[in-house]
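For reference, the structure discussed in these notes is given below.
The values are calculated or read from the model by the stated rules, or taken from the named source; none is laboratory data. This is a predicted model, so every value here is computed, not measured. Backbone-built Cβ (ideal geometry, glycine too); neighbour counts: all protein chains shown.
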Amino acid sequence: MTVVMTIAGFDPSAGAGIAADLKTFAANNCYGVAAITALTVQNSEGVSAVFPTEAMTLKATIHSLLADGRIKAIKIGILGNRPNAEVVKEILESNLTLPSVLDPVIHSSSGRELVDSKGLECLRQHLLSRVTVVTPNMQEAATLTGLKVENVEEMKAAARKLIEMGARNVVVTGGHLDKAVDIYCEGSNLQTFTGDRLKVENLHGAGCTFSSAIAANLALGRQLEDAVVLAKAYVTEAIRKAYSIGPGRVPLNHLHRLQQSPRPADDSSPVPETAH
């Protein structure tokens with residue numbers, strides 16, 4: 001199995017963060033390992049607290065996983081604070097050949113801060129230029145660039161601005177628009193990928209899942225554009241087949257490719273015997 005590492009926070013409701021990343025890796029034919037940047041307290045209705053991991057613990061975990069020598073790509077999610085962002089900077093600097101995907105999570109959908117101001121500044125100044133691709137949503141793109149980002153043309157302007165700021169490649173995601181539009185910018189090459197707009201309440205963890213699917217496809221040796229297209233198709237179907245786990249936000253169905261239709265409760269057909 002191809003091994004992919006996620007460096008992100010833990011969502012106990014399993015819709016986003018580490019849990020979503022590991023499910024996404026599995027669904028895309030990879031084995032996932034994880035280094036936790038923060039523990040969050042949350043359920044389907046939102047995040048109520050965030051507890052960043054100590055930087056030395058994070059650093060030791062990442063080095064331990066890298067020492068196995070099997071990791072083929074890195075996905076980066078929430079950082080929590082500046083010390084953790086500095087750890088990730090060091091890791092990227094010492095592993096330049098590994099494909100890396102940065103999902104620049106700044107706030108939760110319920111408004112909780114997921115990286116402090118100094119951590120955000122480190123992300124902006126040092127991480128953007130060190131990853132293979134950065135995948136902000138519209139709000140994150142606006143925060144990173146200082147531009148207004150509310151429509152497709154403004155998404156294009158933000159993608160170009162991020163390239164000017166040092167990013168190598170950018171995908172600005174627009175899942176909340178009338179059409180699910182993503183702006184892909186690879187150097188000076190800018191493309192628009194449009195998909196069906198599905199239920200907006202089914203988007204908990206969509207950004208984490210998209211970036212993780214890109215990382216998995218890069219780890220498998222695919223070119224970046226192909227990885228983005230395949231990730232978008234996977235996320236679209238995961239949204240389409242999502243189901244509620246509580247009264248609030250609906251997480252994606254990350255494992256839809258692995259699921260089989262359950263047998264009806266009144267199905268009395270015999271179960272095949274297992275050979276011994």
* Could you grab me the full set of residues in region 41-63 that are in a strand (DSSP E or B) and farther than 14 Å from I7 by Cα? => V41, Q42, N43, G46, V47, S48, A49, V50, F51
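Residue-by-condition table, conditions (1) in contact with a strand residue (DSSP E or B) (Cβ under 9 Å, 6 or more places away or on another chain); (2) at pLDDT 95 or above; (3) farther than 19 Å from P104 by Cβ; (4) small (G, A, S):
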residue: V33; (1), (2), (3), (4): yes, yes, yes, no
residue: A38; (1), (2), (3), (4): yes, yes, no, yes
residue: S44; (1), (2), (3), (4): yes, no, yes, yes
residue: A49; (1), (2), (3), (4): yes, no, yes, yes
residue: P52; (1), (2), (3), (4): yes, yes, no, no
residue: T57; (1), (2), (3), (4): yes, yes, yes, no
residue: A67; (1), (2), (3), (4): no, yes, yes, yes
residue: R70; (1), (2), (3), (4): yes, yes, yes, no
residue: A73; (1), (2), (3), (4): yes, yes, no, yes
* Structure fact -> Subset of region 94-108, residues of a type outside the set (S, T, N, Q) and farther than 11 Å from A73 by Cβ, comes to L96, L102, D103, P104, V105, I106, H107
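Just to be sure before I move on: is A215 at pLDDT 90 or above, within 19 Å of the chain's Cα centre (by Cα), closer than 16 Å to T24 by Cβ and among the small types (G, A, S) in the structure I sent?
yes
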* Which of the residues spanning region 219-258 are small (G, A, S) and surrounded by 19 or more Cβ atoms within 10 Å (Cβ to Cβ)? -> A219, A227, A231, A238, A242
* Asked: Inside region 64-90, can you point out the residues that are surrounded by fewer than 22 Cβ atoms within 10 Å (Cβ to Cβ), in a helix (DSSP H, G or I) and either in contact (Cβ under 8 Å) with a residue 24 or more places away in the chain or in contact with a His (Cβ under 7 Å, 6 or more places away or on another chain) (or both)?
  -> L65, L66, R82, P83, E86, K89, E90
* Structure fact -> The correct count of residues that are assigned to a helix (DSSP H, G or I) and either free of Cβ contacts under 8 Å to residues at least 60 places away in the same chain or of a type in the set (S, T, N, Q) (or both) in region 202-227 is 9
* Does L147 meet the test of being modelled with pLDDT of 95 or more, part of a loop (DSSP other than H, G, I, E, B) and out of contact with any Leu (no Cβ under 6 Å at 6 or more places or on another chain)? -> yes
* Matching residues, region 4-39, being over 28 Å from A233 (Cβ atoms) and in contact (Cβ under 8 Å) with a residue 60 or more places away in the chain -> A38
* Structure fact -> Scanning region 13-32 residue by residue, the ones that are surrounded by fewer than 19 Cβ atoms within 10 Å (Cβ to Cβ) and within 16 Å of the chain's Cα centre (by Cα) total 3
* Identify the residue in region 174-212 that is over 26 Å from T2 (Cα atoms) and among the hydroxyl-bearing types (S, T, Y) and, among all such residues, is modelled with the lowest pLDDT. => S188
* **Subset of region 1-40 [in a helix (DSSP H, G or I) and touching a Leu at 6+ places or on another chain (Cβ under 8 Å)]** => A20, K23, A26, A27
* Kindly list, by first and then second residue, each pair from a residue in region 99-115 that is in a strand (DSSP E or B) to a residue that is modelled with pLDDT under 95 and basic (K, R), limited to pairs with Cβ atoms under 9 Å and residues at least 6 apart or on different chains. => none
